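What follows is one structure encoded as structure tokens, with my remarks underneath.
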Amino acid sequence: MGNRRLLVDLDALAANYGVFVAAAGGRAVAAVVKANGYGAGADAAALRLQHAGCRSFFVATVDEALSLRKALGPDPEIFALEGPEAASADALAGSAITPVLNHPGQRQLWRRKQGLPAAVHVDSGMGRLGFDTDVDIADFDGMPLSLLMTHLACADEPAHPQNAIQLRRFAAVVARFPGIRTSIGNSAGCLTEAARQGDLGRPGIGLFGGNPFIDRPNPCRPVAALQGRVLQVKTLPAGASVGYGASCVLERPASVAVVALGYADGVSRHLSGRGSLFLGGGRRPILGRVSMDMTVVDVTGVDGVKPGDWAECFGAQLPIDEAALDADTMAYTLLTGVGARVPREYGPLNAH
Ligand SMILES: *Cc1c(COP(=O)(O)O)cnc(C)c1O
């Protein structure tokens, strides 16, 4: 049996999709499943979301789009956010992927695919991909446009003035693209004002259980749990050191559990000496440095911890946003940082 796993609760994923559908008030809600479905497994996640009624999917790369098309079949629309390149345009066209056109070069490229639909991305203030806000529908003459989209830089802070500025700029562009479906909100945007202004929501992180907001309670359920088994439990004497660099020297004797989860599995090395893993009914402080395959935690005074027990880095017992805070990061990087060698197992999060 394996010593590590990422448990993924697809029912919780579907329930989270329901949160966004309910907030959308009748408007359509897509799912963003880039980066292997935020680490959870793009195919399994997208199939479950499709079953829950989702008809539109966004991924980042062409490869992600082609692989998703194989998994989902011909029905749903699939958008590739990075858009076409000369080498990938034929493959996109052949798999009925809708590329997101981000700049004039991509528009020129896709124009050669006579009559195939495209989405247009407008940079309304993110300063990342997208056409300038002076983009005009005439530039896309003869090209069926299935979506006009923009992305907000500060949606996770609903009161940030940047949101209103971007929405106003985008509205001016929308006015020049009459009748074209629009898309604005990411997870946070879908749950705030931006939602009521776009036709198609684009949530990602919230579907996978991360909190879309910086300073509001998380409206979404945990979907993924990163767990590793205890490999060894032992007592170390006062003065003993733990881990590389001998950076942790015990002041008193301690019971320690060696857990099969390291930075190669997705335990941030920033947790060295400061974070915790959930084990034996509570949070156990990490001792010393996180290494590639293992993390050592202090289980002094905790009864019954034994080899084979599951410890959790984040999940139903240790909320991912709290684990992320300890590691000076956000849920996005914890989810997408889960190692390729960690098997994804689908089922309830507290399975033992
Ligand atoms: C990643 C991404 C999303 C999803 O954002 P979340 O914050 O994960 O909800 C939406 N739109 C674009 C353009 C993205 O790159």
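The values are calculated or read from the model by the stated rules, or taken from the named source; none is laboratory data. Small disclaimer: the values here were computed from a predicted structure and weren't measured. Note: ideal-geometry Cβ built from the backbone for every residue, glycine included; neighbour counts use all protein chains shown. Areas reflect the complete protein model, heavy atoms only, side chains present, ligands, DNA and RNA absent. Shrake-Rupley method; radii C 1.70, N 1.55, O 1.52, S 1.80 Å.
Of the numbered criteria (1) under 29 Å from Cys220 (Cα atoms); (2) touching a residue at least 24 places away in the same chain (Cβ under 8 Å), the one Ser95 fails is (1). Scanning segment 215-240 for residues that are in a loop (DSSP other than H, G, I, E, B) and either surrounded by 13 or more Cβ atoms within 10 Å (Cβ to Cβ) or touching a helix residue (DSSP H, G or I) at 6+ places or on another chain (Cβ under 6 Å) (or both) yields Arg216, Asn218, Pro219, Cys220, Arg221, Pro222, Val223, Ala240.
Quick check on segment 292-304: of everything there that is closer than 18 Å to Thr235 by Cβ and among the aliphatic types (A, V, I, L, M), which residue is most open to solvent (accessible area, probe 1.4 Å)? Only one residue tops the list, namely Met294. For residues that are away from the ligand (no atom under 11 Å from the Cβ) and within 18 Å of Ala80 (Cα to Cα), scanning just segment 141-174, find the one that is surrounded by the fewest Cβ atoms within 10 Å (Cβ to Cβ). If we take residues in segment 141-174 being away from the ligand (no atom under 11 Å from the Cβ) and within 18 Å of Ala80 (Cα to Cα), then Pro144 is surrounded by the fewest Cβ atoms within 10 Å (Cβ to Cβ). Would you say Ser124 is within 11 Å of the ligand (Cβ to nearest atom), surrounded by 16 or more Cβ atoms within 10 Å (Cβ to Cβ) and among the small types (Gly, Ala, Ser)? Considered against the rule, which asks whether it is within 11 Å of the ligand (Cβ to nearest atom), surrounded by 16 or more Cβ atoms within 10 Å (Cβ to Cβ) and among the small types (Gly, Ala, Ser), Ser124 comes out as no. Residue by residue through segment 72-83, note down the ones that are open to solvent by 30 Å² or more (accessible area, probe 1.4 Å) and more than 16 Å from the ligand (Cβ to nearest atom). Across segment 72-83, the qualifying residues are Pro74, Asp75.
When we screen Leu167, Leu148, Leu152, Leu116 for residues that are assigned to a helix (DSSP H, G or I) and touching a helix residue (DSSP H, G or I) at 6+ places or on another chain (Cβ under 7 Å), the only hit is Leu167. Within segment 242-253, being under 14 Å from Thr295 (Cα atoms) and either among the polar types (S, T, N, Q) or open to solvent by 80 Å² or more (accessible area, probe 1.4 Å) (or both) holds for Tyr244, Ser247. Of everything in segment 32-55 that is touching a residue at least 60 places away in the same chain (Cβ under 8 Å) and more than 14 Å from the ligand (Cβ to nearest atom), the residue that is most open to solvent (accessible area, probe 1.4 Å) is Ala44. Among the residues of segment 319-332 satisfying the criterion of being surrounded by fewer than 23 Cβ atoms within 10 Å (Cβ to Cβ), more than 16 Å from the ligand (Cβ to nearest atom) and among the hydrophobic types (A, V, I, L, M, F, W, C), which is farthest from Ala254 (Cα to Cα)? Only one residue fits best here, namely Leu325.
From the list Pro343, Pro307, the one residue that fits, being over 26 Å from Ala44 (Cβ atoms) and surrounded by fewer than 17 Cβ atoms within 10 Å (Cβ to Cβ), is Pro307. Close contacts from segment 105-129, counting a first residue that is assigned by TED's automatic domain parsing to the domain that holds Ala80 and within 21 Å of Arg169 (Cβ to Cβ) and a second that is part of a loop (DSSP other than H, G, I, E, B) and open to solvent by 60 Å² or more (accessible area, probe 1.4 Å), with Cβ to Cβ under 7 Å and a gap of 6+ residues or different chains, come to His121/Leu129; Asp123/Leu129; Asp123/Asp132. Scanning segment 195-225 for residues that are more than 11 Å from the ligand (Cβ to nearest atom), under 14 Å from the mean Cα position of the chain (by Cα) and aliphatic (A, V, I, L, M) returns Val223, Ala224, Ala225. With respect to the stated conditions, Ala316 is in contact with a Leu (Cβ under 7 Å, 6 or more places away or on another chain), among the aliphatic types (A, V, I, L, M) and part of a loop (DSSP other than H, G, I, E, B).
Only one of the numbered conditions (1) within 16 Å of the ligand (Cβ to nearest atom); (2) touching a Ser or Thr at 6+ places or on another chain (Cβ under 8 Å) is not met by Val305, and that is (1). When the residues of segment 14-23 are filtered to those that are modelled with pLDDT of 95 or more and in contact with a strand residue (DSSP E or B) (Cβ under 9 Å, 6 or more places away or on another chain), the one that is nearest to Leu47 (Cα to Cα) is Tyr17. Against the numbered list (1) open to solvent by 30 Å² or more (accessible area, probe 1.4 Å); (2) farther than 30 Å from Ala42 by Cα; (3) touching a residue at least 24 places away in the same chain (Cβ under 8 Å), Tyr263 comes up short only at (2).
Let's see how each residue does on (1) touching a residue at least 60 places away in the same chain (Cβ under 8 Å); (2) over 21 Å from Tyr38 (Cα atoms); (3) assigned by TED's automatic domain parsing to the domain that holds Asp156:
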position	(1), (2), (3)
Met294	yes, yes, no
Val297	no, yes, no
Asp303	no, yes, no
Trp310	yes, yes, no
Phe314	yes, no, no
Gly339	yes, no, no
